[in-house]
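Take a look at the structure below.
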Amino acid sequence: MKILGISAHYHDAAAALLVDGMPVASVQEERLSRRKNDAAFPLAAIEWCLERGGLEPDALDAVVFYERPMLKFDRILTSALRAFPHSWRSFPHAMKNTLGEKIWIRGIISSQLGVPRQKVLFTEHHRSHAAASFLTAPVRDAAILTADGVGEWATLTVGRGTRGPDGTAITLLREIRFPHSLGMLYSTFTAYLGFAVNEGEYKVMGLASYGRPTMADAVAKIVRRTADGAFRLDLDYFDFHTTAKRSFSAKFVDIFGPPRDPFEPIDLNSADGQRFADCAASVQKVLEDILVETAAALHRETGLPDLCLGGGVALNGVANHRMLQESGFERIFVPPAPGDAGCALGAALYADRIHFGNPDRDFPDHPYWGPAVEPEALARLAREDRLPVEELDDSVLLARVAQDLAAGLIIGWMDGALELGPRALGNRSILAAPHTVEMRDRLNRDVKRREEFRPFAPVVPVEDADRYFEIPPGGKRLARFMSGVFPVRPEWREKLAAIAHVDGTARVQTLEAGMAPRLHALLKEYERLSGIPVLLNTSFNLAGEPIVNRSVEGYLTFRRSGIDVLVAGRTRVAKRFMEKAA
Ligand SMILES: [Fe+2]
């Protein structure tokens, strides 16, 4: 059976193809269109997935959309009516967006792909999140927790999943509904702190480490706990439910002070800068507390050792670490793409295993479902520019790149198939020596061009991780796809200054040799030279751009940034001035 999954029209559009229950391809539209967080109907992603599977659209048995447009329409209409008359300005806008595309999705899919309307199916948004997490994890029974901004109505769900020879089931036990939403709470603070919503949430988490949660009580007042363990936002402090223009209200500003001007840099030595950091720390703490308590209650209720997390909130690695430590679950699984991009795959898996009742299959435990890099294309581009190109045997190449890294060079590293999800997990990465603050600052200034308070992440072979990082039992599973933030051991913080955050933590990736063998071998090669098998690993893109996909995008990024050496497969290209220096 051939099933295409699609997510689109909110943020992070993507497509995924399943054939006979196994994944063949999945890619975010932004990686092909080169528009960051592209939410448009993912025609390029669909086309690529079908091409990868060698299929024409009429060979598909089903096309599954990741949410139910009518339920979403219902939510927008109801919210607008409740908020009337405040909503009269935003209502036509919301209606136009909804009516414009989402509600006609069956027709759009049917006409764009030329598949009959009855082949187009829909899953609920949070069921797509739940499936994306549970049905890709190597577990048979698990508790499931999903949390995001909003789908149709649900913003947080708890449930459980079982799979095996007797079939697959995902049972949702309870949900919290819009406008009460942890994702919206965090996004409101993201907007208030002057960052782009749906993108700047990482920055809030990074900024939080510079502050103290002095305003946690104030945050807890606007997100009140209820007797049944859920929570409600006090809507007097928010505006996101009445207008698309502003997410926080005048009363919010009365408590937390004037919002940050997005164009003003944050000066942590100023009173305002410290207030913003404290604000970030406060919302982060309240979010963590609620997630820990929700997960602990779910653990008591299910008695299961494993938790699968889904939804954009699962990208919060600090909260994930606390849930692992405090909720009672032994292991927590976060897929590489817990946000809406992963819902294309989640929707397809849900349809296959549950709607059609096809047999259970173990999902390959890696994130590499996108287009493969073509080293020949890199060699061609570099030769046209008369840059030195080397095509080397693998052992020679890895030794050479390890020497580059030890000499302080910054490497653009492209290998195999593109990762699904927002993290660079070793196939489209910028790599560098992790030892000095100077390296961190150089990367921020010359390559990533971004705020200096944002930390870089390390990658380490899983078998060596405990020497450098304090990872609790079960934590290596979180670290497999960079979903947890853990302390760097105090004795290593100085030696790993480029990847240790101000509070001594790092969002570490623990790499198993089988997942990315060449990067694993490179880490070992680097250890031979430096004594430490740790590298700084950051996503291969410049600020505001999607992660690079093909050789040409890697090459253009290399040419207009401070990256010194570019590697695709076994092809190595260096900038000319370096060859002279060498
Ligand atoms: Fe979502």
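The values are calculated or read from the model by the stated rules, or taken from the named source; none is laboratory data. Everything numeric in this text was worked out from a predicted model, so none of it was measured. Every residue, glycine as well, gets a Cβ built from its backbone with ideal geometry; the counts of neighbours run over all protein chains shown. SASA here: full protein model, heavy atoms, side chains in, ligands and nucleic acids out. Shrake-Rupley method; radii C 1.70, N 1.55, O 1.52, S 1.80 Å.
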If you take every DSSP beta bridge fully contained in the chain, what fraction is antiparallel? Give it as a percent rounded to 5. 70
Mind giving me the FRET efficiency for ASP385 and ARG450? R0 is 30 Å, r the Cβ-Cβ distance, nearest 0.05 is fine. 0.65
Between THR171 and LEU392, take the C-beta separation as r, use R0 = 56 Å, and let me know the FRET efficiency to the nearest 0.05. 0.60
Cβ under 10 Å from ILE563's Cβ, ILE563 left aside: what net charge do those residues give with Lys, Arg +1 and Asp, Glu -1? +1
DSSP-assigned coil residues among trypsin sites (Lys or Arg not before Pro) in the range 380-419, each with at most 14 further Cβ atoms within 10 Å: ARG386
Given R₀ = 51 Å, what would the calculated FRET efficiency be for ALA497 paired with GLN118, taking r from the Cβ atoms and rounding to 0.05? 0.30
Interatomic Cα distance distribution for the range 441-558, bins of 10 angstrom, percent: 13, 41, 37, 9, 0
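If the only charges are +1 at each Lys and Arg Cβ and -1 at each Asp and Glu Cβ, what is the size of the charge dipole of the range 395-498 around the Cα centre, to the nearest 20 debye?
260
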So, how do all the Cα-to-Cα distances of the chain break down into 10 Å bins, in percent, from 0 on up? 3, 18, 28, 28, 17, 6, 1
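Going through the DSSP H helices of the chain, which span 24 Å or more along their own axis at the Cα atoms while scoring at least -1.0 as a mean Kyte-Doolittle hydropathy?
271-302
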Would you compute, from DSSP H runs of 4+ residues alone, the mean residue ellipticity of the chain at 222 nm, taking -39500 (n - 2.57) per run and dividing by the full residue count, rounded to the nearest 500? -10500 deg cm²/dmol
Would you work out if the range 103-200 is rounded, prolate or oblate? Take a ≥ b ≥ c from the square roots of the eigenvalues of the alpha-carbon gyration tensor; rounded if a/c is under 1.5, else prolate when a/b is larger than b/c, oblate otherwise. oblate
Tell me the carbon and sulfur percent of the accessible area for the chain, rounded to whole percent, probe radius 1.4 Å. 52
Calculate the translational D of the range 224-325 in whole µm² s⁻¹ from Stokes-Einstein, where the hydrodynamic radius comes from the Kirkwood formula applied to all Cα pairs, the temperature is 4 °C and the viscosity 1.567 mPa s. 80
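What trypsin sites (Lys or Arg not before Pro) does the range 244-274 have in DSSP loop regions with at most 10 other beta carbons within 10 Å?
Listed in order of number, the matching sites are LYS245.
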For a bin width of 10 Å, list the pair-distance distribution of the range 370-485 built from all Cα-Cα distances, rounded to whole %. 10, 34, 40, 14, 2, 0
Can you give me the distance in nm between label points at THR78 and ASP267, each placed 7 Å from the Cα along the Cα-to-Cβ direction? 4.9
Can you give me the distance in nm between label points at ALA377 and GLU438, each placed 7 Å from the Cα along the Cα-to-Cβ direction? 3.7
If I model a spin label at ALA218 and VAL552 as a point 7 Å from the Cα along the Cα→Cβ vector, what separation in nanometres do I get? 5.1
Just the accessible area per residue of the chain, please: how many Å² with a 1.4 Å probe? 39
